[in-house]
1. No solvent, one uniform scatterer per C-alpha: report log10 I(q)/I(0) for the chain via the Debye equation at q = 0.10 1/Å, two decimals.
2. How much accessible area per residue does the chain have, counting only protein heavy atoms and a probe of 1.4 Å, in square angstrom?
3. Quick one: length gained pulling Met236 to Ile38 fully straight, 0.36 nm per residue minus the C-alpha distance?
4. Would you calculate the volume per residue, in Å³, of the smallest convex hull containing every Cα atom of region 25-137?
5. So, with a 1.4 angstrom probe, what is the percent of accessible area on region 43-136 that is carbon and sulfur?
6. Report Arg48's accessible area, 1.4 Å probe, all protein chains in place, as a number in Å² to the nearest 10.
7. Hydropathy at least 0.0 by Kyte-Doolittle, axial extent at least 20 angstrom from the Cα trace: which helices of the chain, defined as entire DSSP H runs, fit?
8. In whole Å and largest first, what semi-axes does the C-alpha gyration tensor of region 209-258 yield when each eigenvalue is scaled by 5 and square-rooted?
Amino acid sequence: MVSCQYSLADLLNKRYECLQAIGINPQSKRDLIDTLDIPRSTLDDIIRELEQKNLIKYQEGKWKTTVFGRCIFNIHDNYINNIDNMINTQPVIQELPFNTPVDRCFLLDSEVFPASSSVPDEVVQVLLESIEPASRIQYFTPVVMAGYLEEFYKYLMKNGHQVEVIFSYDVLSEVYDLYPNRVDNIFANKEITIYQGEMPVEFSLWIADEQQTGIMVYTDYGIRGAVKNNTNDAIMWAAELFNRIKYNAEPVYPADSK
């Protein structure tokens, strides 16, 4: 016989499948044996524990979840899903230093785009596709992606775009060395504001129309991948981080870029 002294968390971990089966479809004990493919004696122990914890009840010949049981199951189910979602982001964010200010609210319910080993820079399209339809773009970056500067420039110069870009101190001069005419045109566009300042993070971040946000993670060898999210919590986190970096940055004027 299984001990009844398990904590509720332990019990749910051990009896998750049974509670899930009953929650989806109330069943008799005979049906549950077939559904779970477990011995009758094992099921008896599981049913007894779930009932003693007030997670299920017997009614009209079938076992059903209680209101409490359904709520507990949903919490546990969300927990499992959140863990799975966080694990999916690991190939990208594992390159970041441990003190990187990436909040869990940004990682939950996110989409993850690891860079391919053959064409790692191709993941930049995630950023470009995100900002293309946006009318307001906020972006900071500690690095220059030289191969995509021309394409990024075209997106920034589209009519109707209101853009704020923050570069680290050394990046803007690198951009100007590569594309002096492009930088001059950007400064001539009154809808684009350029800043430079200390970049306390090792990833790029963008916010598109305050409806979607994303980060691009780098390694010493190139791009590791991108993560994007459109939840309110993620966008609030991204806006707070962007504004914090912007507060410590300074506007850049044409003469400063050369």
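1. Computed log10 I(q)/I(0) values: -0.63.
2. 55 Å²
3. Result: 66.6 nm gained on full extension.
4. On the way: hull volume 25.6 nm³, N = 113.
Measuring per residue, one finds 227 Å³ for the Cα hull of region 25-137.
5. Ligands and nucleic acids excluded, carbon and sulfur reach 49 percent.
6. Arg48 has an accessible surface of roughly 80 Å² with all protein chains in place.
7. 8-24, 67-93
8. Over the Cα atoms of region 209-258, the ellipsoid semi-axes are 24, 19, 9 Å.
The values are calculated or read from the model by the stated rules, or taken from the named source; none is laboratory data. This one's a predicted model, so the numbers in the text were calculated from it and none came from an experiment. Note that we place each Cβ from the backbone using ideal geometry, even for glycine, and neighbour counts take in every protein chain shown. Quick note on the areas: whole protein, heavy atoms, side chains included, nothing else; ligands and nucleic acids left out. Shrake-Rupley method; radii C 1.70, N 1.55, O 1.52, S 1.80 Å.
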